1. How much accessible area does Trp545 have with a 1.4 Å probe, in Å² rounded to the nearest 10?
2. Among the lysines, which have Cα under 21 Å from the Cα of Lys146 when same-chain residues fewer than 8 positions away are ignored?
3. Kindly provide the Kirkwood hydrodynamic radius of segment 334-470 in Å, to one decimal, from all pairs of distinct alpha carbon atoms.
4. Determine, from the Cβ-Cβ distance of Lys146 and Arg337 and an R0 of 51 Å, the FRET efficiency 1/(1 + (r/R0)^6), rounded to the nearest 0.05.
5. Given the Cα-Cα distance of Arg438 and Arg502 and 0.36 nm per residue of separation, how much length would full extension add, in nm?
6. Given 0.36 nm per residue, what is the gain on full extension from Thr211 to Arg265 after removing their alpha carbon distance, in nm?
7. Would you mind telling me the share, in percent, of accessible area of the chain contributed by carbon and sulfur at probe 1.4 angstrom?
8. With every protein chain left in place and a probe of 1.4 Å, what is the accessible surface of Leu37, to the nearest 10 Å²?
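The values are calculated or read from the model by the stated rules, or taken from the named source; none is laboratory data. Note that the structure is predicted; figures quoted are calculated from it, not measured. Reconstructed Cβ throughout: ideal geometry from the backbone, glycine too, with neighbour counts over all protein chains shown. All accessible areas refer to the heavy atoms of the entire protein, side chains included, with ligands and DNA or RNA removed. Shrake-Rupley method; radii C 1.70, N 1.55, O 1.52, S 1.80 Å.
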Amino acid sequence: MPYQPDLGRTGFLLFNVLQAPAQLQALPDLAEADQPLMEHVLGEASKFVAEVVAPLSRVGDEHGCRFEAGRVSTPPGFRAAYQAFVQAGWPSLACAEEDGGQGLPWLLEGVLYEWLSAANHGWTMAPGLLHGAYECLRHHASDALKTAYLEKLATGQWLATMCLTEPQAGSDLGLARTWAVPCRAEGESENKNPRTDAGADLTGRHRISGTKIFISGGEHDLTDNIVHLVLARLPGAAPGPKGLSLFLVPKVLPGGRRNAVACERIEEKMGLHGSPTCVMRFDAADGWLIGTAGAGLNAMFVMMNAARLHVALQGIGLLDAAWQKADAYARERRQMRAPGPRPDSRGAADSADLLIEHPAMRRLLDVQRVWIDGGRLLAYRTAVLLDVARHHPDAGERAQAQRWCSLVTPVLKAAWTHQAFHGASECLQVFGGHGYIREWGIEQIVRDARVSMLYEGTNEIQAIDLLVRKVLPDGGQALGALLLGLRPLLDTGRELDAEVLRRLAELRYLTTTLAAASVADPTLPYAVADDYLRAVALVLLAWAWTRISQTEGADTPCWQVPARTLHQRVLPELDLRLRLIRLQMPPAAPLA
Ligand SMILES: Cc1cc2nc3c(=O)[nH]c(=O)nc-3n(C[C@H](O)[C@H](O)[C@H](O)COP(=O)(O)OP(=O)(O)OC[C@H]3O[C@@H](n4cnc5c(N)ncnc54)[C@H](O)[C@@H]3O)c2cc1C
């Protein structure tokens, strides 16, 4: 059963709960993003995802990518699907109109990529970095580079990569050794390469050398050109991350000559077989500086932040895909008698009940729904605020929106990719032994989902980013303000709201005590960062469900059952996480 986007649930979250069109239309650049327009775009997107991309998921997994003499071929059907994607204008959805884009909200792109990842994670890896690369160039590249590359990326005519990782430099990019030499330092013209027949008018040419590993889409047959964004070190650069600069290194140079970039091999992986993960060699390849020397990570940051929200949405989408399969199976397969009174739907002659009627199986599925729809609400809210941070005319509003994105994005990335893998494994449990064999496709989701906990900054690095870099430096004030900002819509008369209010206060108190204890013991935050991130995720998740439950129309089982499950089976984990953190604190620290 291929993945099918659920327009009803998504629409309820976007339009009824979040009231996204009203928020977006308040931004002058997005004034046309009303509900009918958004519904139209999402309707077309869901058709494309279900009809074109989802049916290729199995072939992507089984056939995989092939490497032969430096060339990479993607699975059958992938290239045609990508061409259809470009022709339909999907890559340019949220790009600026002056760059050949459609100027629509980033929110729509977020939903599109959630669905694409759910339908076919491997295929989606190819266009997944496009928008980030586009934003990176738009903000940091010279006008000449923009003229040559921006529109090609906005429209998806050329694909992009993010070349960060090296064998000795994974989480610690400061260890990267790939180097760049300005051509004028070698006495060459920095303008045009003498080896290029008809060079573009690009100044500031460099020679890039080194090896990058694990590069998604480093080589493939989907587009004629590939735009590599490469972190490298200039001569005399400071050691560590501050010595890294960012370069644009195209596979095919402006004059049509092939650049000195080669794919050495592709990795054999646990999953994600539809995406070529490449070892890339740069042999004095022509490259151009993006932004200023030594500010490579800063320029890359634009790309990485959007990519992290994409990965969070990947997690949510993959969990939904697993849930859809397991729910459908549980409504077909009969095993043993379920306890309790017999509803009319159970024929007296049936010797066994549907799996969905067994409380243990229902519980597995309901817990995942809590994470999927609560996560969607939080991710969609973050996407709206990303649009606000980009388009609001008032600098104060932009900064406030950016604060939410900065604090919540690592939480979404780590907690929801964790849940994608573990929750998909729970969904596999619903199939019993049938889940372990290929036929039903659920084992593929478990394998594919695992990588989302590793790339775009491992989940441990996200947790450190949240606690050590973002929460503790101001003593927890920014996070405290964010949590306080969640209170106004809560109503103490409602059971869930009252509990969330209590939990918000508990988390704020814990953050303050943790900040104080970390001054005395600087290793403490590193020891508790994962538990802390999970605690923040649980509180945000609970808050998201208060918003859903309060919305008119949420009085149906489809929303009420997960809201109850949150209260009974998910939120109690918060006590465990808080206790784990307190147990790491010195005995003198006050226990709440
Ligand atoms: C399928 C796939 C696709 C990828 N695509 C790309 C791509 O397109 N471009 C690209 O540049 N890279 C890509 N990567 C690389 C990916 O981003 C790295 O694998 C990741 O950053 C981790 O680096 P590492 O594998 O070297 O692990 P390491 O950094 O060696 O980490 C090993 C373990 O130690 C933990 N650890 C490390 N440092 C700390 C710390 N300070 N505190 C706590 N724990 C720590 C990590 O969390 C991890 O669990 C891809 C990887 C895969 C598997």
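1. The value for Trp545 is about 0 Å².
2. Those lysines meeting the cut-off are Lys192, Lys251.
3. 18.0 Å
4. Working: r = 67 Å, r/R0 = 1.31.
Plugging the Cβ-Cβ distance into 1/(1 + (r/R0)^6) gives 0.15.
5. 18.5 nm
6. Gain in length upon complete extension: 18.3 nm.
7. Ligands and nucleic acids excluded, carbon and sulfur give 53 percent.
8. Roughly 60 Å² of Leu37 is accessible to a 1.4 Å probe.
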